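Got a structure for you, questions after.
The values are calculated or read from the model by the stated rules, or taken from the named source; none is laboratory data. Every value quoted in this text rests on a predicted model; they were computed, and no experiment measured them. Note that we place each Cβ from the backbone using ideal geometry, even for glycine, and neighbour counts take in every protein chain shown.
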Amino acid sequence: MRIAVGADHAGFLLKQEIAATLRTLGHEVVDVGTTSTDPVDYPDFAEAVAKAVSDNRADRGVMICGSGVGASVSVNKVPGIRGAVCHDTYSAHQGVEHDDMNVLVLGARIIGVELAHELVRTFLAAKFTHEERHVRRLGKIKALEKRYSKST
């Protein structure tokens, strides 16, 4: 699987750890930055991760910032992206299974390295169920996105 990974300065070190583990697991890593702990703005890297997924350069994405909140808000501004900050394994797999989540967002200042690895593995192993109720709800999410993207 091709995984886009990105982070701001607060998430840089955790991004490096996650990228190395993804490569060890046989995934192709599309690293969109940042490249150091020098202060940067998380929306720039959240957009880069989201665009890599929406442009089909990556199958899924992992974005890391300090809390995960700002990056989660940012990735969802790109059409076709369904991202969420997840700090527990249930949300990491359920978000994919029920909501077809394609970007996992993590808060490097909130969780530890081992939990981050577990969350990424859980997220990548999950598959959208295609159950009728989930497909119906996903259709409504896509309709909302389409309706409100016309006004901007």
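Mind checking which residues of segment 121-140 are among the aliphatic types (A, V, I, L, M) and more than 16 Å from residue 82 (Cα to Cα)?
We begin by selecting, within segment 121-140, every residue among the aliphatic types (A, V, I, L, M); these are 124-126, 135, 138.
Hit for segment 121-140 is 125, nothing else.
Okay, residues lined up against (1) loosely packed, with under 14 Cβ neighbours inside 10 Å; (2) under 20 Å from residue 45 (Cβ atoms); (3) of a type outside the set (Lys, Arg); (4) at pLDDT 95 or above:
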residue: 107; (1), (2), (3), (4): no, yes, yes, yes
residue: 110; (1), (2), (3), (4): no, yes, yes, yes
residue: 113; (1), (2), (3), (4): yes, yes, yes, yes
residue: 119; (1), (2), (3), (4): no, yes, yes, yes
residue: 125; (1), (2), (3), (4): yes, no, yes, yes
residue: 133; (1), (2), (3), (4): yes, no, no, yes
residue: 147; (1), (2), (3), (4): yes, no, no, no
residue: 150; (1), (2), (3), (4): yes, no, no, no
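So, of the residues in segment 46-84 that are more than 15 Å from residue 15 (Cβ to Cβ), of a type in the set (Val, Ile, Thr) and in contact with a helix residue (DSSP H, G or I) (Cβ under 9 Å, 6 or more places away or on another chain), which turns out to be surrounded by the most Cβ atoms within 10 Å (Cβ to Cβ)?
53
Can you give me the number of residues within segment 26-47 that are hydrophobic (A, V, I, L, M, F, W, C) and either at pLDDT below 95 or within 12 Å of residue 64 (Cα to Cα) (or both)?
Residues flagged as hydrophobic (A, V, I, L, M, F, W, C) and either at pLDDT below 95 or within 12 Å of residue 64 (Cα to Cα) (or both) within segment 26-47 amount to 3.
Which pairs do you get when a residue that is on the phi > 0 side of the Ramachandran plot, found in segment 62-78, comes within reach of a residue that is in a loop (DSSP other than H, G, I, E, B) and at pLDDT 95 or above, reach meaning Cβ atoms under 7 angstrom, with the pair 6+ apart or on two chains?
Partner pairs satisfying both residue conditions: 68/110.
Let me ask you something else. Do you know which residues across segment 65-83 are β-branched (Val, Ile, Thr) and more than 14 Å from residue 101 (Cα to Cα)?
Once the filter is applied, which keeps residues that are β-branched (Val, Ile, Thr) and more than 14 Å from residue 101 (Cα to Cα), segment 65-83 yields only 69.
Let me ask you something else. Name the single residue that is farthest from residue 69 (Cα to Cα) among those in segment 4-25 being among the β-branched types (Val, Ile, Thr) and in contact (Cβ under 8 Å) with a residue 24 or more places away in the chain.
21
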